[in-house]
Amino acid sequence: MRLNALEIKEKIEVHFAETMSSSGDVPDELEEAENPAFEIGSQAIIEADHMPGMKGALATIAGAYETTAYSVTYYPTTGEEPVKDHKWVIHEEIENAGEEPLKPGTEVTLIADHMEGMDGAKAVIESTVETNVYMLDFTTTTGEKVDNHKWIIESELAPIE
């Protein structure tokens, strides 16, 4: 069966929406944010474009946590090509991370499961941001529902005007 370009695009977008959803489980040691810019249950506009259909989507805040977020390049346990500059993995999703934020260039092992092949993957920290991170429920700009997406940092959200 041959697919036309629109059918291929739709299949890719559905796949991305499925991979953006999670169970909503968070690490036990992750602390809720005391004064988040976006309260749980409130809405915001996503300004990040980590995946297709994300930028410009209206999101409902499902969780707000205070932590360190990392952009990482990781080497999937599935044997696929490295994923460069993946945003975001949080401090609590890094094996034996210790107390202090990690510096760019640090080699780590991930204990996150946002994407297939991520849990147990070797990674290199690309950048570090101490911030509030958010778990979001949203519908992509192409109409796909995403539940409990991990993670968006505070600067990647905008208030509804």
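Between Asp85 and Glu47, how high is the FRET efficiency from 1/(1 + (r/R0)^6) when r is the Cβ-Cβ distance and R₀ = 25 Å? Nearest 0.05. Provide the component values of the computation, followed by the final result.
Numbers: r = 17 Å, r/R0 = 0.68.
Rounded to the nearest 0.05, the efficiency is 0.90.
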> In square angstrom, what is the accessible area per residue of the chain with a 1.4 angstrom probe?
Replying inline: 56 Å²
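Can you give the helix-only mean residue ellipticity at 222 nm for the chain, where every DSSP H stretch with n ≥ 4 adds -39500 (n - 2.57) and the sum goes over all residues, rounded to the nearest 500 deg cm²/dmol? Please report the intermediate quantities before stating the final value.
Values: 1 runs with 16 residues, N = 161.
Value at 222 nm, helices only, nearest 500: -3500 deg cm²/dmol.
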> Carbon and sulfur together cover what percent of the accessible area of the chain at a 1.4 Å probe radius?
Replying inline: 46 percent
> Roughly speaking, what is the stretch gain from Ser155 to Glu99, that is 0.36 nm per residue apart minus the C-alpha to C-alpha distance, in nm to one decimal?
Replying inline: 17.8 nm
>> Using the Cα centre of the chain as the reference point, and only Cβ charges (+1 on K/R, -1 on D/E), how large is the resulting charge dipole? Debye, rounded to the nearest 20.
In response: 820 debye
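The values are calculated or read from the model by the stated rules, or taken from the named source; none is laboratory data. Worth saying up front: this structure is predicted, and the values here are computed from it rather than measured. Heads up, the Cβs are rebuilt from the backbone with ideal geometry, glycines too, and the neighbour counts pull from every protein chain shown. With ligands, DNA and RNA removed, areas are computed over all heavy atoms of the protein, side chains included. Shrake-Rupley method; radii C 1.70, N 1.55, O 1.52, S 1.80 Å.
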